[in-house]
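What follows is a short report on a single structure.
The values are calculated or read from the model by the stated rules, or taken from the named source; none is laboratory data. All values derive from a computational prediction rather than experimental measurement. For neighbour counting, all protein chains shown are included, and Cβ atoms are generated from backbone atoms with ideal geometry for every residue, glycine included.
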Ligand SMILES: Cc1ncc(COP(=O)(O)O)c(C=O)c1O
C-alpha cells in the first residue's frame, strides 16, 4: 500500500495538541450576530468583525436578493475578460467618492487587495519599510514582490527613519502600515509616517481593513480620522468586516488604479465578485452615509466594554479601537480562558503564536453596534468569573 507522504502533518498536529494549541473550527449555525449559536451553544459573540451588524441588515439583504434576480448568481469571468459588470463599476465609483480619491478598484478580498497591490508595484530592486505587526497579506505581498523588506519595530517612527536614512539613493521605497492593527487594536502613527514618507520620497500605503466603517466620518477610515487626505498614496480597505459582505478595495489615483488593472495578479487571474456582493456593498455605503448613528452605537459599546474589562483588572494592551485584546501571556492559558468563557456562554477566540508573540497570547474581543448593554454586561461577568478562576485577575 502507498505510504501517505503527508503523514508528517499528523505529527505536527499532535505537537499542537500536546501544547494545548490545537483548535477545531467553531461552526456557526444561523446568522452572524451579537448573540449567535456556535457548535450548538448560544453565546454572546465577541469574535466577529461584523462591527456594525451589517451582515444581517435588511437593506443589504434586500439589495443582494434583487441583484441575484436581476443579474444571476455569478459574474462568470475575471474582470479583465468578461467579468466586469456595470454593478462592479458602480461600486468602485461609489467607493472612490466615499474615500475622496480619483479611483478605486475592488478585489475579491482585503487579503488579495494587499498582496496583489504590493507585489505589482514593487520589484526586486525596490525596498519596503514595514511595521513588524503589519497584516499577513502585506507580508505576503512584500515577499511576492521580491523587494528588500525592512521591518521596523511596532509604531516606531524613529526606527523607520533610521532605516530610511541608511538606504542608498535610487531604489523605490514603499512605507506601509496597518491603519488599525488587527490583534492589538491600536492605530498606526499615520501623521508621523506621512511626514516621513514626504521627507524621504516614499510611496505611503495604509491598510485600513479594520478602520473601514469604524474610523473617520461615516467610517471613511484612518486617513479621514487623522485628516491625511492627499498624503497617503495607497489606501486599502475591506468590504468583509464592518461593511458586512466580502472583498477588498484599493483607492488612489486613476493612473495607479489603471496600472493595477494591468498588473495585479488576483485582479487578472481570479473571477470577480458575484453581482449580489457588489450590490450588498453599495447598500452598505448607503447605510454608512444615511445611518451614521450605527457607528456611534459601536463606539458607545466599545467604551462601555473596555471600561468594564479595565475595571476588572485585565491587561487589555494599548487598544484604541473596538478590538480589545485580553492578554493572558502563555498560549495554553489564553486557550483555557477562551474555552472557559465559551462554556459560560461567551465566544472570544483565543489567539496564540505565531499570530501573536509567544508571551502575548490573548483572547481577542470585538464588540459590535448590535450588542445590547445586557449582553456586554453578561460577557463582563463571565470574564470576571473565568479570569479569577485562572488567576488572571
Ligand atoms: C489588517 C488586515 N488587513 C487585511 C485583512 C484581509 O481582509 P479580508 O478578510 O477582506 O481578506 C485583514 C483580515 O483579517 C486584516 O485584519
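For the residues 122, 144, 133, the requirement of being within 16 Å of the ligand (Cβ to nearest atom) and either touching a helix residue (DSSP H, G or I) at 6+ places or on another chain (Cβ under 7 Å) or within 18 Å of residue 272 (Cα to Cα) (or both) singles out 144.
Among the numbered conditions (1) surrounded by 24 or more Cβ atoms within 10 Å (Cβ to Cβ); (2) near the ligand (Cβ under 10 Å from one of its atoms), the only one that residue 240 does not meet is (1).
Let's see how each residue does on (1) free of Cβ contacts under 8 Å to residues at least 60 places away in the same chain; (2) more than 25 Å from residue 49 (Cβ to Cβ); (3) within 15 Å of the ligand (Cβ to nearest atom); (4) touching a strand residue (DSSP E or B) at 6+ places or on another chain (Cβ under 6 Å):
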| site | (1), (2), (3), (4) |
| --- | --- |
| 203 | no, yes, no, yes |
| 210 | no, no, yes, yes |
| 232 | yes, no, no, yes |
| 249 | no, no, yes, yes |
| 256 | no, yes, no, no |
| 269 | no, yes, no, no |
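Considering the range 43-155, the qualifying helices (runs of 4 or more DSSP H), each wholly inside and each with 2 or more residues that are within 23 Å of residue 252 (Cβ to Cβ) and touching a residue at least 12 places away in the same chain (Cβ under 8 Å), run over 86-99, 110-121, 136-145.
Here residue 199 meets each of (1) within 12 Å of the ligand (Cβ to nearest atom); (2) more than 20 Å from residue 248 (Cβ to Cβ) with one exception, condition (1). Residues of the range 338-372 that are more than 23 Å from residue 181 (Cα to Cα), touching a residue at least 24 places away in the same chain (Cβ under 8 Å) and under 25 Å from the mean Cα position of the chain (by Cα): 341, 342, 346, 372. Evaluate the range 175-191: report whether one residue or more is in a helix (DSSP H, G or I), in contact with a helix residue (DSSP H, G or I) (Cβ under 7 Å, 6 or more places away or on another chain), touching a residue at least 12 places away in the same chain (Cβ under 8 Å) and surrounded by fewer than 20 Cβ atoms within 10 Å (Cβ to Cβ). No, the range 175-191 contains no residue that is in a helix (DSSP H, G or I), in contact with a helix residue (DSSP H, G or I) (Cβ under 7 Å, 6 or more places away or on another chain), touching a residue at least 12 places away in the same chain (Cβ under 8 Å) and surrounded by fewer than 20 Cβ atoms within 10 Å (Cβ to Cβ). Is there a residue being in contact with a strand residue (DSSP E or B) (Cβ under 9 Å, 6 or more places away or on another chain) and either surrounded by fewer than 23 Cβ atoms within 10 Å (Cβ to Cβ) or assigned to a helix (DSSP H, G or I) (or both) anywhere in the range 361-369? No, every residue in the range 361-369 fails to be in contact with a strand residue (DSSP E or B) (Cβ under 9 Å, 6 or more places away or on another chain) and either surrounded by fewer than 23 Cβ atoms within 10 Å (Cβ to Cβ) or assigned to a helix (DSSP H, G or I) (or both). For the range 3-29, filtering for residues that are assigned to a loop (DSSP other than H, G, I, E, B), under 26 Å from the mean Cα position of the chain (by Cα) and modelled with pLDDT of 90 or more leaves 3. In a residue-by-residue description of the range 287-301, the property of being crowded, with 19+ Cβ neighbours inside 10 Å, more than 16 Å from the ligand (Cβ to nearest atom), farther than 24 Å from residue 188 by Cβ and in contact (Cβ under 8 Å) with a residue 60 or more places away in the chain applies to at least one position. Using the structure shown, decide if residue 106 is touching a strand residue (DSSP E or B) at 6+ places or on another chain (Cβ under 8 Å), closer than 19 Å to residue 232 by Cβ and within 16 Å of the ligand (Cβ to nearest atom). Yes; evaluated as a whole, the condition is true for this residue.
Each residue in the range 216-230 was checked for being assigned to a loop (DSSP other than H, G, I, E, B) and within 13 Å of the ligand (Cβ to nearest atom), and 1 pass.
Answer yes or no as to whether residue 27 is under 28 Å from residue 211 (Cα atoms) and exposed (fewer than 13 other Cβ atoms within 10 Å of the Cβ). Here the answer is yes, as residue 27 does meet what is asked.
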